[in-house]
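Below is one structure, written out as C-alpha cells; comments come after it.
The values are calculated or read from the model by the stated rules, or taken from the named source; none is laboratory data. Predicted, not measured: the structure shown is a model, and the values here were computed from it. Don't worry about glycine lacking a Cβ; one is built from the backbone with ideal geometry, like all the others, and counts go over all protein chains shown. All accessible areas refer to the heavy atoms of the entire protein, side chains included, with ligands and DNA or RNA removed. Shrake-Rupley method; radii C 1.70, N 1.55, O 1.52, S 1.80 Å.
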Amino acid sequence: MSSTTQTTPIPLSRKPVGRDSPETKTACIRTFGCQMNVHDSDRIRRMIQDAGYAEVQRYEDADLVILNTCYVRENAVDRVKGHLGELNRLRREGRVKRVALTGCIGAAEESATLQQTYDIDLILGTHNTYELAEFVGLPTMQETYTPELPGTEGGHNAFVTIMTGCNYQCSYCIVPTVRGRMICRPMESVLGEVESLVAGGTGYVTLLGQTVDAWRHEGKRFCDLLEAVSEKAPRVWFTTSHPSNMEDRTLRAIGERETIVKRLHLPVQSGSDRMLRVMHRGYKAERYRRKIEVFREAAPDGTLSTDIIVGHPGETEEDHEQTLRLVEDCAFDSAYIFKFSPRRGTEAATLPGTVPDAVVQRRFLEVLRQVEQNAFARNQRKVGGEEEIYIRHGSTEDGKAIGETWSGHAVHVATDLAPGNYVRARIESAGPHVLYAGEPSG
Ligand code: SAM
Ligand code: SF4
C-alpha cells in the first residue's frame, strides 16, 4: 500500500451488462479517489437504476457517462481530463450521448473551465449530487438521495457514512472547500442502517468520514458509536481518523472488542513539529507517538497505516529526517506516501519554499524504503501462525482470493469461496505488502 495510488479509479462491483436492446438506456459510472467517492457512486448507481438505466462498464456501450471525481491532488485532475478527452471523441462518433461530472472536481472553481473545454452536460458538486436524479429523468428528491441514506453496495461488505465534510483547515488540503464543514449523522440513523444491512446479509461494515473520530452527536462521541456498531455488526472497521480526535478509549476498544478489525489508519503527514505547525495539523509528533504506543499496547498484533506528505513548501532536510525517524519508531505496516501537490485555493499553494522535484522524489523513495523495511519485518512475524481470514475479493484465475485477518493484514489464500466467507489457514510466507497463506484447513 506504500504508494500514491489513492486516486486510481476504483472498479465498481457490478458485472458488465451489455446493451440488451436498442431501447435499453445504458450508463457507465467511473469512480476516482477515496472510499468516500466509492460510496457516493453507490448512491449514484441507485439513481440510475431507479431511472431505468442498465449499468455498463465500457464508455462505448453507454448512453450516459458519469465521472465521479477526486480533487485532492493535481494528478487526479489530469487523469479526469484524459477521460474527458476520450469521451469527447466517443461523442463525436455518436457513441456516448451525455456526460455528467460529479464529486470533488464538480465542487471546485476549475469545473467551469472543464465544462467549457469538454462540453460537459451536467456538473454537480458533492452536496447536490441528488440533482442528478432530475438529469436522469427522476423527480429531484433530496430526501431520497442525500448522504444520510445508504447506497446499493450492500452485499457482504458495506460502507456507512457517519459524517461528511471536515472542520480542519490543513494548509495543503482542498477537502474543506469542496466538501464543506463537518456534519455528523445521528446515532440512531447510523445504527438503523447498520441493523438493516446486517439483516440483509452484510458481514462487514466500514464507518466512513474524513475525520470519523471527530464524530459527535447529542453528547455521544465516536467511541460510543463505534462500540454500539460493534455490538450489531459481525465485523467492523472505520476510516479515516485524525490524531487530534483519537481518544485512548477508542484505541483500547479496538483491542478489546472482538468484532472490530485491529487495524488503525491514522494519518500523521510529517514527523517534524515545525511542519505539523505549518500544516495546521494541531498535534506534535510526540503526541502522535504516544497514541501509537497506546494502540500497539491495546492490539499488539494489529496493523497501523498512515498518510505522509513529502515536499510540502518549506520542508527542510532536517524536517524530512524527523519524518524518517517517526516512520522507524512507529513501524507502520503500510503508508500512503504523497508528493505535495499544490491545490489552488489552499494556503500551501501560495507558500514560499517550493521543494525541487528531484528532492521530493528522493525523499519519497527514502520514506517508502523505510516503510517497506518495517512492514516486511512485521509481516515476517506472522509466518507460521494460523489465521481466521475474511474473504474480501473472490479468487482470480490463479485460484487465489484476497482476504483479511482480524489483525487487518491482507492475505492471498487459495479458495474459491465467495466474498464474505471465512477460512482458516496457516501463513506460509510474507512480503512487505501481503501475507501468503497455505491450503485452508476449514
Ligand atoms: N482527512 C484525512 C486526514 O486528515 O488524515 C485525509 C483526507 S485526504 C483526502 C487523504 C490524504 O491525501 C491526506 O491525508 C494527505 O496525506 C493527502 N493529501 C491531501 N491533500 C494533498 C496535497 N495537496 N498534496 C499531497 N497530498 C495531499
Ligand atoms: Fe483535509 Fe486536514 Fe480535513 Fe483531512 S483533516 S480532510 S487533510 S483538511
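Brief remarks follow.
- Length-normalised contact order for region 211-275 - Cα pairs under 8 Å, 6+ apart - percent: 35 percent
- Between region 26-55 and region 288-356, the C-alpha centres lie 33 angstrom from each other.
- Total charge dipole magnitude, the chain, about the Cα centre, Cβ charges on Lys, Arg, Asp, Glu only, Debye to nearest 20: 460 debye
- Expected 222 nm ellipticity per residue - DSSP helices of 4 or more, -39500 (n - 2.57), all of the chain, to 500: -10000 deg cm²/dmol
- For the listed peptides 392-404, 39-51, a ranking on the average number of other beta carbons within 10 Å per residue, highest first, reads 39-51, 392-404.
- When cysteine pairs in the chain are screened for C-beta atoms closer than 4.7 angstrom, the residues that find no partner are CYS28, CYS34, CYS70, CYS104, CYS166, CYS184, CYS223, CYS330.
- Computed E for ASP307/GLU134 - FRET, C-beta separation, R0 41 angstrom, nearest 0.05: 0.65
- Directionally averaged projected area (convex hull, Cα atoms, the chain), nm²: 21.2 nm²
- Accessible surface comparison of ASP273, ASP329, probe 1.4 Å, protein chains only, largest first: the order is ASP329, ASP273.
- Globularity ratio of region 175-301, using Cα Rg and 2.2 N^0.38 Å: 1.11
- Each Lys and Arg Cβ is given +1 and each Asp and Glu Cβ -1; about its Cα centre, region 149-265 then shows a dipole of about 300 debye.
- Between LYS25 and ASP121, the distance separating the two model label sites (each 7 Å from Cα on the Cα→Cβ line) works out to 0.9 nm.
- Taking the charge dipole of the chain about its Cα centre, with +1 at Lys and Arg Cβ atoms and -1 at Asp and Glu Cβ atoms, the residue from ALA54, LEU226, ALA100 reaching farthest to the positive side is ALA100.
- A full extension of the chain between VAL383 and GLN169 corresponds to an added length of 72.8 nm, given 0.36 nm per residue minus the alpha carbon distance.
- Cα lying deepest toward the dipole's positive end in the chain, options GLY431, GLY403, THR69, charges on Cβ: THR69
- Distance (nanometres) between label positions extended 7 Å along Cα→Cβ at ALA331 and GLU318: 3.0 nm
- Computed lengthening from GLU218 to LYS284, 0.36 nm per intervening residue step minus Cα-Cα distance: 20.8 nm
- Under the membrane-span-like helix rule (DSSP H runs whose alpha carbons stretch at least 15 Å along the helix axis, mean Kyte-Doolittle hydropathy -1.0 or higher), the chain yields 187-199, 222-232, 357-380.
- Relative contact order of the chain, defined on C-alpha pairs under 8 angstrom at six or more residues apart (%): 11 percent
- Accessible area (Å², 1.4 Å probe, nearest 10) - GLU109: 150 Å²
- The radius of gyration of the Cα set in region 324-395, together with its Dmax, comes out at 17.7, 52 angstrom.
- Protection proxy ranking, peptides 283-290, 200-207, average beta carbon neighbours within 10 Å, highest first: 200-207, 283-290
- Centre-to-centre separation between the Cα atoms of region 255-285 and those of region 393-408: 28 Å.
- Residues whose placed amide H lies under 5 Å from that of ARG235, excluding near-sequence neighbours: VAL205
- Translational diffusion of region 251-308, µm² s⁻¹ [Kirkwood Rh, Cα pairs; Stokes-Einstein; 10 °C; 1.306 mPa s]: 131 µm²/s
- Shape metrics for region 160-205, restricted to C-alpha atoms - Rg then Dmax, Å: 14.4, 43
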